[in-house]
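Beneath this line is the structure, given in structure tokens, with notes to follow.
The values are calculated or read from the model by the stated rules, or taken from the named source; none is laboratory data. Computed from a predicted model, the values in this text were never measured in an experiment. Glycine gets a Cβ as well: all are built from the backbone with ideal geometry, and neighbour counts include every protein chain shown.
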């Protein structure tokens, strides 16, 4: 069994998607923090898929980009975002 962790994340795909898509946006309106991390993860995945659809042409490159998303641990990104938001807004 090989260890696929990357920079403290589950794997390279999770680290890269968090870095490239979510690390600078914070939790903009539209990402509901009152939901569970599992549900937020589904919203984050839908957002990433929409970005790929908007920013690419149909074809092989888009197919590979969408396939890359299947390796992402969406729950981990959602949990990280919820924890980061809680830390930033703690009194």
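Do we find that residue 21 is surrounded by 18 or more Cβ atoms within 10 Å (Cβ to Cβ), part of a helix (DSSP H, G or I) and either modelled with pLDDT under 95 or touching a helix residue (DSSP H, G or I) at 6+ places or on another chain (Cβ under 6 Å) (or both) in this structure? When the stated conditions are applied, residue 21 does not pass them.
Mind checking whether some residue in segment 53-65 is surrounded by 14 or more Cβ atoms within 10 Å (Cβ to Cβ) and either part of a helix (DSSP H, G or I) or modelled with pLDDT of 95 or more (or both)? Yes, segment 53-65 contains a residue that is surrounded by 14 or more Cβ atoms within 10 Å (Cβ to Cβ) and either part of a helix (DSSP H, G or I) or modelled with pLDDT of 95 or more (or both).
Is it true that residue 44 is part of a helix (DSSP H, G or I), over 12 Å from the mean Cα position of the chain (by Cα) and under 16 Å from residue 20 (Cα atoms)? When the stated conditions are applied, residue 44 does not pass them.
Criterion applied to 46, 65, 37 was being touching a residue at least 40 places away in the same chain (Cβ under 8 Å) and under 20 Å from residue 15 (Cα atoms), and the one residue passing it is 37.
Every condition in (1) assigned to a helix (DSSP H, G or I); (2) closer than 23 Å to residue 4 by Cβ; (3) modelled with pLDDT of 90 or more holds for residue 83 except the one numbered (3).
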